[in-house]
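The values are calculated or read from the model by the stated rules, or taken from the named source; none is laboratory data. Small disclaimer: the values here were computed from a predicted structure and weren't measured. With ideal geometry, Cβ positions are generated from the backbone for all residues, glycine too; neighbour counts draw on all protein chains shown. The accessibility values were calculated without ligands, DNA or RNA, using every heavy atom of the protein model including side chains. Shrake-Rupley method; radii C 1.70, N 1.55, O 1.52, S 1.80 Å.
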Amino acid sequence: MYAFDEVAQEAEGFHRAVVERQPFRPLYVKIKLIYGCNLKCEMCNHWRLRRERPLAISRFMEVLDELAGLGCRKIHFTGGEPLLRPQVPELTAHATALGLRVNMTTNGTLVDKDLAKRLVESGLRAVNISLDSPERRTHDKVRGERGAWKKTVRAIEFFYRAAHKGKVVVRLNTVVSRLNYASLAALPDLAHQLGAASLNLIPVDDHCGEHLSLRRRDIATYNETIAPQIAERALALGLMNHESQAYPFGRTSEETACARRGQYALGWYDRHPCFAPWTHSLIDFNGQVFICCMTRDQIPPLGDLKTSSFTEIWTGNNYAGIRDLMHPPALAPCRRCDDFLDENRTLLQIFDGAQLKSENISLSS
């Protein structure tokens with residue numbers, strides 16, 4: 001997600017920004033283009049709730065200009081379902097022209113051959129497509145629409161066929177819940193068959209009660225019978241880099257206990273900071289700015305793009321206050337988040353390396 005080589009080259013500046021609670025650079029910014037969705041997923045409230053109109057596309061264009069000027073490297077379009085806004089190809093082309101890498105997450109059901117081609121030609125570099133089971137009925141039950149599986153699989157095929165028009169990479173996102181975990185052993189083979197480059201298993205964050213979260217016995221069954229099969233096939237097919245990626249609920253008793261409580265960071269943020277306030281931002285559909293998705297419903301917005309520039313928000317007092325709070329243990333919502341674990345481990349190595357270098361210089365002077 002991050003330009004780690006650039007952070008490493010600016011390690012001293014990154015270290016100083018963290019220590020002094022100052023902004024570094026918004027290297028990776030997620031933009032929710034819309035709140036609504038065309039599906040009725042069991043684990044999601046986007047289709048259950050109504051929200052105000054989204055920010056105008058022209059304002060999102062202006063924000064992209066600003067982000068490029070601040071040194072942003074990656075934009076991720078999401079929703080709701082972002083493709084409910086027909087201007088996504090134009091937004092993608094504009095961001096690409098600014099030198100930004102553009103990724104997108106979609107359920108794929110609105111993608112036809114022409115749209116896949118337009119998105120790839122506009123510069124889309126990666127697309128995360130939500131596929132919750134290799135079984136049609138299971139996926140359709142999770143996503144709340146009969147025939148959703150067929151549309152999503154066709155979208156993956158359309159992007160795969162259009163890949164020669166650009167450099168797009170197709171990844172599969174799978175939300176692992178009580179409804180689908182038992183069906184997932186064959187998922188790597190389907191992903192490979194469809195031409196996906198990687199497989200990302202996401203533990204369910206149950207916004208709608210406890211009927212989707214895995215129980216203790218579910219996690220035990222998954223870890224003993226499903227995860228080993230996924231790991232073996234996904235590693236063999238190049239869909240995962242590490243065996244641990246097949247175990248989103250952890251493996252030790254301590255980790256699985258955390259997962260059962262919905263603390264999918266598995267204890268990492270009890271002892272370490274999250275560097276997102278220095279390198280990441282979430283722009284909501286209505287222009288409100290947060291650190292990330294996990295804090296969106298837990299912490300007041302840090303600013304509003306309807307009344308402020310992104311730069312004013314990024315360098316303002318609200319962001320500074322969050323940076324000041326982000327020391328071990330991290331913010332309470334961080335414990336539920338596994339999005340940036342690998343990234344934070346790498347950033348911590350860069351931070352610690354700069355700290356050690358600074359200490360060595362002090363000792364030798």
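Pairs only if they're at least six apart or on different chains, beta carbon under 6 angstrom, first in region 306-334 and over 20 Å from Leu70 (Cα atoms) and assigned to a loop (DSSP other than H, G, I, E, B), second among the charged types (D, E, K, R) and open to solvent by 80 Å² or more (accessible area, probe 1.4 Å); list them, first residue then second. As it stands, the answer is Pro328/Arg271, since those pairs meet every condition given. The helices (runs of 4 or more DSSP H) located wholly in region 163-243 that include 2 or more residues which are over 22 Å from the mean Cα position of the chain (by Cα), aliphatic (A, V, I, L, M) and closer than 29 Å to Pro333 by Cα occupy 216-221.
If only residues of region 244-255 that are in a helix (DSSP H, G or I) and either of a type in the set (Asp, Glu) or open to solvent by less than 50 Å² (accessible area, probe 1.4 Å) (or both) are counted, the one that is modelled with the highest pLDDT is Ala246. Could you please find all residues in region 57-98 being open to solvent by less than 60 Å² (accessible area, probe 1.4 Å), in contact with a helix residue (DSSP H, G or I) (Cβ under 9 Å, 6 or more places away or on another chain) and in a loop (DSSP other than H, G, I, E, B)? Selection gives Leu70, Gly71, Cys72, Arg85. Go through region 298-340 and give me each residue that's more than 20 Å from Arg21 (Cβ to Cβ) and open to solvent by less than 30 Å² (accessible area, probe 1.4 Å). If the condition is that a residue be more than 20 Å from Arg21 (Cβ to Cβ) and open to solvent by less than 30 Å² (accessible area, probe 1.4 Å), then Leu305, Cys337 are the ones that fit. Checked against the criteria, Gly36 counts as surrounded by fewer than 21 Cβ atoms within 10 Å (Cβ to Cβ), in contact with a Phe, Trp or Tyr (Cβ under 8 Å, 6 or more places away or on another chain), under 23 Å from Ala126 (Cα atoms) and modelled with pLDDT under 95.
Among the residues of region 180-197, are any modelled with pLDDT under 95, at positive phi and open to solvent by 10 Å² or more (accessible area, probe 1.4 Å)? Among the residues of region 180-197, at least one is modelled with pLDDT under 95, at positive phi and open to solvent by 10 Å² or more (accessible area, probe 1.4 Å), which makes the answer yes. Looking at Ala354, is it more than 30 Å from Ser58 (Cβ to Cβ) and out of contact with any strand residue (DSSP E or B) (no Cβ under 6 Å at 6 or more places or on another chain)? Yes; evaluated as a whole, the condition is true for this residue.
Look at region 7-24: where a residue is closer than 13 Å to Ala276 by Cα and a partner is assigned to a helix (DSSP H, G or I) and among the hydroxyl-bearing types (Ser, Thr, Tyr), sitting 6+ places away or on another chain with Cβ atoms under 7 Å, you get Pro23/Tyr319; Phe24/Thr279.
Could you tell me which residue of region 99-116 is least open to solvent (accessible area, probe 1.4 Å), considering only residues that are touching a Phe, Trp or Tyr at 6+ places or on another chain (Cβ under 8 Å) and of a type outside the set (A, V, I, L, M, F, W, C)? Among those residues, the one meeting the criterion is Asn103. Summed over region 142-167, residues that are over 17 Å from Leu110 (Cβ atoms) and surrounded by 18 or more Cβ atoms within 10 Å (Cβ to Cβ) total 1.
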